[in-house]
Amino acid sequence: MSGYWYKNGQQGAIVRIKLNNSTAATPTNAGVTGLTNASTGLIIGTITDVEASATAYTQAGGTIQTIATPGTYAAPSASNCRFVQLDSTNFPGWYELQFLNTRFAVSGAKTIGICIPAVSGLNLAQQDLVIPLTDMDPYSRPWQFQSQMTEGYSVNGTASTPEQALFELKSLLQNKAISGATLTSYQINGSTTAMTFTLNSASTPTSLLRAS
């Protein structure tokens with residue numbers, strides 16, 4: 001089970017994973033139920049693509065804590081993670097994991113892998129999950145162009161940001177006035193100058209050049 005996509009530096013990440021039952025008498029996709037942070041032999045390993053060794057949390061080492069309220073992030077203690085079963089009746093085999101924010105903030109990392117090794121005494125089959133880590137927040141409304149941008153314009157002679165370029169086009173297309181050989185474009189309010197341009201002719205212009 002996968003489907004996560006977080007930015008590098010994600011805060012309060014909640015990961016849910018299905019753990020399968022390894023017994024031959026059970027269908028291969030059946031979930032194993034009843035596991036807790038105190039289940040003997042339980043190990044939860046994590047590693048990013050830029051790390052040479054894993055960060056592991058173990059029942060034996062006492063570094064796996066429970067989750068008091070599933071769906072609500074609570075930072076684990078130092079060197080710990082959190083683990084809890086969700087709903088053994090309606091979602092058998094589904095568990096929630098929570099890690100320290102630093103595990104999702106490893107410099108240069110593009111993925112983080114999570115491995116829960118098989119434990120025969122728990123009827124637990126190995127489960128692996130790889131989560132991409134990007135340089136943008138896929139859950140941010142501004143990134144999805146669904147919220148208002150901050151109006152802004154580039155300094156003449158410098159490269160525009162994507163947002164500045166959109167406002168510059170909007171200004172030039174919708175809010176402008178010509179006086180002699182000068183074209184002035186205005187901000188959204190229709191009165192504040194956004195940019196000025198020099199026309200090559202006051203009467204029959206064929207080109208313009210940004211002046212400010």
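The values are calculated or read from the model by the stated rules, or taken from the named source; none is laboratory data. Predicted model, so just to flag it, every value in this text is computed and none were measured. Note: ideal-geometry Cβ built from the backbone for every residue, glycine included; neighbour counts use all protein chains shown.
Summary table
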{"item": "The one condition in (1) touching a residue at least 40 places away in the same chain (Cβ under 8 Å); (2) surrounded by 15 or more Cβ atoms within 10 Å (Cβ to Cβ); (3) assigned to a loop (DSSP other than H, G, I, E, B) that Ser154 fails to fulfil", "result": "(1)"}
{"item": "Single residue of the range 77-90 satisfying the filter (over 15 Å from Leu42 (Cβ atoms), free of Cβ contacts under 8 Å to residues at least 40 places away in the same chain and not hydroxyl-bearing (Ser, Thr, Tyr)) that is surrounded by the most Cβ atoms within 10 Å (Cβ to Cβ)", "result": "Asp87"}
{"item": "Pair list, Cβ under 9 Å, 6 or more apart: the range 9-21 residue under 21 Å from Ser77 (Cβ atoms), other residue modelled with pLDDT of 95 or more and basic (Lys, Arg)", "result": "Ala13/Arg103"}
{"item": "Long-range neighbours under 7 Å by Cβ, at least six apart or interchain, first residue in the same structural domain as Ala68 (by TED's automatic domain parsing) and under 17 Å from Pro76 (Cα atoms) within the range 97-123, second of a type in the set (Ser, Thr, Tyr) and modelled with pLDDT of 95 or more", "result": "Gln98/Tyr73; Phe99/Thr46; Arg103/Thr46; Arg103/Thr55; Ile114/Thr46"}
{"item": "Condition met for Glu96 (among the acidic types (Asp, Glu) and in a loop (DSSP other than H, G, I, E, B))", "result": "no"}
{"item": "Every residue from the range 146-168 that is under 11 Å from Ala194 (Cα atoms) and either among the aliphatic types (A, V, I, L, M) or in contact with a Pro (Cβ under 9 Å, 6 or more places away or on another chain) (or both)", "result": "Val155"}
{"item": "Test: residue in the range 83-95 that is closer than 23 Å to Glu51 by Cβ and modelled with pLDDT of 95 or more", "result": "yes"}
{"item": "Members of the range 97-126 found to be within 18 Å of Gly31 (Cα to Cα) and crowded, with 19+ Cβ neighbours inside 10 Å, listed by number", "result": "Leu97, Ile114, Ile116, Val119, Asn123, Leu124, Ala125"}
{"item": "Residue list for the range 167-212, restricted to those being buried (at least 17 other Cβ atoms within 10 Å of the Cβ) and assigned to a helix (DSSP H, G or I)", "result": "Phe167, Glu168, Ser171, Leu172"}
